[in-house]
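Accompanying notes for the structure given below.
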Amino acid sequence: MRRYMRVISQILSDSVIYMKVSIKGEYGVLAVLELALNGNRGPLQVKTIAKKQNIPHRFLEQVMSALKRNGLVRSIRGAQGGYLLAKASDEILVGDIIEAIDGPVTPMSCVGNGTGGTCWQEIDPKSCAVHGVWSDVKASVMSVLNATTVQDLCNRAQALSGQRTLMYHI
């Protein structure tokens, strides 16, 4: 009983939900997408991105700071300043954005960020029957995130935009 309570306590105290992209991560993807859709028309200010993507302005400032710190966007100061992509949109992976904001994507703590992590059951991951499944899940998710560029998202957004303009209702 005592070990059981310690495990429950450990789970609750970690308060980490694995394999869920945070709202911050989602806002990061939307902000980078907006910059990419803007193309070469100059920097976008945070308030413009926030309005176009329906993101709280103050929250977006934190997101943009993390993206800048990780080399995904760059900022220009001044009245006409704002943010630009630091790389071409076909060079930025969705996985890079998520990891810049949320850290390593992992289904369970034992999979960790490539260093092995720790198991809440306090057993060696090599002797755990399900550890390989969690490793496969992480690899699959990262495969999708790292196979999707911001340019892919732009293409999807433009295709959806085209679909919307072609829809007629009577």
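Odds and ends about this structure:
- Summing charges over neighbours of residue 72, with a neighbour being any other residue whose Cβ is under 12 Å away from its Cβ, gives +1 when K and R count +1 and D and E count -1.
- Solvent-accessible area assigned to carbon and sulfur over region 55-110 amounts to 47 percent, based on a 1.4 Å probe.
- Evaluating 6.51 cos²θ - 1.76 cosθ + 1.60 at θ = phi - 60° for every residue in region 25-33, the Karplus couplings come out as x, 5, 4, x, 5, 5, 5, 5, 4 Hz, glycine and proline recorded as x.
- Taking amide H as placed 1.01 Å from N in the peptide plane, residue 92 has its amide H under 5 Å from the amide H of 150, 151, each at least 5 places away in sequence or on another chain.
- Eligible lysines near residue 52 by straight Cα distance, threshold 18 Å, same-chain separation 8 or greater: 24
- Within the straight-line cut-off of under 19 Å between alpha carbons, the aspartates and glutamates reachable from residue 20 are 96, 99, 102, 136, sequence neighbours fewer than 8 places apart in one chain being disregarded.
- Three-way shape call for region 59-103 based on the alpha-carbon gyration tensor, with the a/c threshold at 1.5: oblate
The values are calculated or read from the model by the stated rules, or taken from the named source; none is laboratory data. Source: prediction; values computed, not measured. Every residue, glycine as well, gets a Cβ built from its backbone with ideal geometry; the counts of neighbours run over all protein chains shown. Just so you know, the surface numbers come from the protein's heavy atoms only, side chains and all, with ligands and any DNA or RNA stripped out. Shrake-Rupley method; radii C 1.70, N 1.55, O 1.52, S 1.80 Å.
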